[in-house]
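Notes follow the structure.
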Amino acid sequence: MTFSLPTSITQILTPDGKLVGDPPELPPEQLLEFYRWMVLGRIFSNRMVALQRQGRMGTFAPLNGQEAASVGLAAPMQDGDWLVGGYREAISFFMRGIPMVTLMEQWGGYIPISYSPATKVMPIQVVLASQMPHAVGIAMAMQYKKERNAVVAVIGDGATSEGDFNEALNFAGTFKAPLVTVVQNNGWAISVPREKQTAAEYIAHRGPAFGMPGYVVDGNDVFAVYSAVEQCLERARNGEGPSIIEVITYRMGAHTTADDPTKYRPSDELAEWKPKDPITRYTSYLRTLGLLDDAKAADIEAEVRAELQIAVERYEAERPAQRVEKYFDLVYNDTPPQLARQRDELIRALNREQ
Amino acid sequence: MPKWTMVKAINNALDLKLAQDPNVLIFGEDVGKNGGVFRVTDGLQAKFGEERVFDTPLAESAIIGSAVGMATYGLRPVPEIQFAGFTYLAFHQIVAQAARLHFRSGGTIDMAMVIRAPFGGGVRTPELHADSVEALYMQAQGLKVVIPATPYDAKGLLIAAIEDPDPVLFLEHMKLYRSFRQEVPAEHYTVPIGKAAIAREGSDISVIAYGAMVQASVKAAEMVEQKLGASVEVLDLRTIAPLDEEAIVNSVSKTGRAIVVQEGPRAGGVAAEVIAVINEQALYSLYKPVLRVTSPDGPYPFTVMEDDILPSLDRIAAAIETTLEP
């Protein structure tokens, strides 16, 4: 099957909060829920950076600027669907049921304990694009089991240069796997701009090349992302195969707490993207609809901050609980004798050193 | 009892597991209609259908990576990499993904999968088809590495590998595929992973080997016995990771002398690890230093030279004789 190349960026909600297309038909509670998740994401991200600066958290990848994309890609998912992401999808993870404390544990350097096949979320993947073949494999397993489920895979613009991204899309196209790939094109791969990753105008051009449709949407417009993902999920569920959606967004912060974007990024760029902030435009829209006012916004923010505070306290309280026994138990299902001996030796040594 | 080659024994193990467990899927390059370049999967697609046994695009990383996804979803994928030298293209997915997801997920996700790949020298394959890759994968914590030396063990170990909740790299020596037949039960049985076997009992020296070097060591042992009247034990490791340290220590403690034979290059190899185990746990049983018979530390050569670099019967026998000297 031949698909045509996407040539423009689909937008439903402008940076001024005006509609220029049909928004998804959603009840007011859900529209407010989107807002709450976006606010939660930004507050979580800022708090994680602050905790890292205070020496209470490990390296963290802030998500500021990508809140609409993260909400829009997770919201249309259904119970049986799987989310397979990289490391900047905290909001999507939370929306799929991963507790905040789990991501704190993982970024804090502890063994995360709340992932499981039951959560239908793969653990954070830090090696770029490695998650893509996993996403395809899960989608192929769903297909083999004749289920009407699908996988949403998330990847950044830089990672689309990796072999695994291209091998995985080729697999997905060939097997017609129920996979929706969302490329969060935030413009930067640490210090390398998007134009140094590919000479193609859009990353989504890769879609037609692999026998699947490719779409480009405004990633700071939660409606545009939601609608595209919803349609592609429906297509996947109907056995029509995979698709790729490139969402154009902007990484407003650093790559991680370990770098300083002022060293490599033109200063006017951030100023140019500030008015396109996904939360600002969605706030204006909700205010126009009469769903949000100052009091309501303050309530939501207070609620989110309280929720976050509980998670931080739990994370810090549970920290001493992880010991080396757990480490050895996780290498294999049944610990081989030499590993058991190494465990005992290490525990004896640690006890002596205390 | 039927007498089967290793190819037939492996094919039969796959056949049995496909029939027993609907979660078992076989895929890779040319494994479908063609039945694999060595005919290991011959007839399986015809019997079980294209949903269970299928060809994939030629992409080793995606073959292993998609198996990781399937295992996450509860299937038991048995992907084939056409030659072990091609696993270099999937190294990341094997070492950093399949081997580590159990750990990374806090023990909640099992990577029940078996990666099958032919390897080994002496059969005149083009470059990079014959590499002994096992030492590289010994350092992939969380992965098990199994190398059978006989048709009986190949079937029992493969069934055990498919039933194992952890990922297994199952390396099949090409030279052993059809080199000899052995009685193999047609029904389901397992050979335990992580357990070595005494291929030939003896009391004067232990020759520790695996894969095609087991047969070579047994032949060399016979040569030395005839010449010197010494009693030579050959220990077949069968599993490279995790090593059966107990069996190694028991054999060496009994004989007091040992050599290790491996087809791969010397430095940082399986033999080095075996000798470290002997050093730590059985040094005072030894009368002589433990020698290694290996390929040199160079790339696997083009075919004309391969018989020169592989451990020969004479070299194995000479190492045994040297170690037997008082």
*Taking interchain pairs and intrachain pairs at least six residues apart, which have beta carbon atoms under 8 angstrom, with the first residue in the range B:177-196 and within 14 Å of chain A (Cβ to nearest Cβ) and the second in a loop (DSSP other than H, G, I, E, B) and among the acidic types (D, E)?*
B:I193/B:D164; B:G194/B:D244; B:K195/B:D244; B:A196/B:D244
*Per-region count, the range A:99-145, residues within 7 Å of chain B (Cβ to nearest Cβ), part of a helix (DSSP H, G or I) and at pLDDT below 95*: 1
*Considering each residue of the range B:92-108, count those that are touching a residue at least 12 places away in the same chain (Cβ under 8 Å), surrounded by 21 or more Cβ atoms within 10 Å (Cβ to Cβ) and facing another protein chain (nearest Cβ under 8 Å), and give that number.*
4
*Kindly provide the set of residues from the range A:183-241 that are of a type in the set (F, W, Y) and closer than 24 Å to A:M140 by Cβ, ordered by number.*
A:F210, A:Y215
*Among the residues of the range A:44-55, is any closer than 22 Å to A:D157 by Cβ and surrounded by fewer than 17 Cβ atoms within 10 Å (Cβ to Cβ)?*
no
*Condition test on B:V274, is it touching a residue at least 12 places away in the same chain (Cβ under 8 Å) and part of a strand (DSSP E or B)?*
no
_Qualifying residue in the range B:175-184 (condition: closer than 22 Å to B:K3 by Cα and hydroxyl-bearing (S, T, Y))_ = yes
*among the aliphatic types (A, V, I, L, M) and either touching a strand residue (DSSP E or B) at 6+ places or on another chain (Cβ under 9 Å) or part of a strand (DSSP E or B) (or both): does that describe B:A13?*
no
*Note down all Cβ pairs under 6 Å where the first residue falls in the range B:213-232 and is basic (K, R), the second is part of a helix (DSSP H, G or I), and they're at least six residues apart or on different chains.*
B:K219/B:L313
*Somewhere in the range B:218-236, is a residue aliphatic (A, V, I, L, M), buried (at least 24 other Cβ atoms within 10 Å of the Cβ), touching a Leu at 6+ places or on another chain (Cβ under 7 Å) and closer than 25 Å to B:I64 by Cα?*
no
*The listed residue being among the small types (G, A, S), more than 21 Å from the chain's Cα centre (by Cα), part of a loop (DSSP other than H, G, I, E, B) and closer than 30 Å to A:G109 by Cα, out of A:G55, A:G21, A:G80*: A:G55
*For the range B:72-91, indicate whether the set of residues that are surrounded by fewer than 23 Cβ atoms within 10 Å (Cβ to Cβ), away from chain A (no Cβ under 11 Å), modelled with pLDDT of 95 or more and out of contact with any strand residue (DSSP E or B) (no Cβ under 8 Å at 6 or more places or on another chain) is non-empty.*
yes
_Selection within the range B:51-69 - touching a Lys or Arg at 6+ places or on another chain (Cβ under 9 Å) and surrounded by fewer than 19 Cβ atoms within 10 Å (Cβ to Cβ)_ = B:D55
*Out of A:R148, A:R206, report the one residue that is basic (K, R), away from every other protein chain (no Cβ under 13 Å) and part of a loop (DSSP other than H, G, I, E, B).*
A:R148
_Listing of helices (runs of 4 or more DSSP H) fully contained in the range A:245-354 that carry 2 or more residues being away from every other protein chain (no Cβ under 14 Å), modelled with pLDDT under 95 and closer than 30 Å to B:V249 by Cα_ = A:337-353
*Scope the range B:282-308; condition in a helix (DSSP H, G or I), touching a Ser or Thr at 6+ places or on another chain (Cβ under 8 Å) and free of Cβ contacts under 8 Å to residues at least 40 places away in the same chain; matching residues*: B:A282, B:S285
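The values are calculated or read from the model by the stated rules, or taken from the named source; none is laboratory data. Predicted model only: the values in this text are computed from it and were never measured. With ideal geometry, Cβ positions are generated from the backbone for all residues, glycine too; neighbour counts draw on all protein chains shown.
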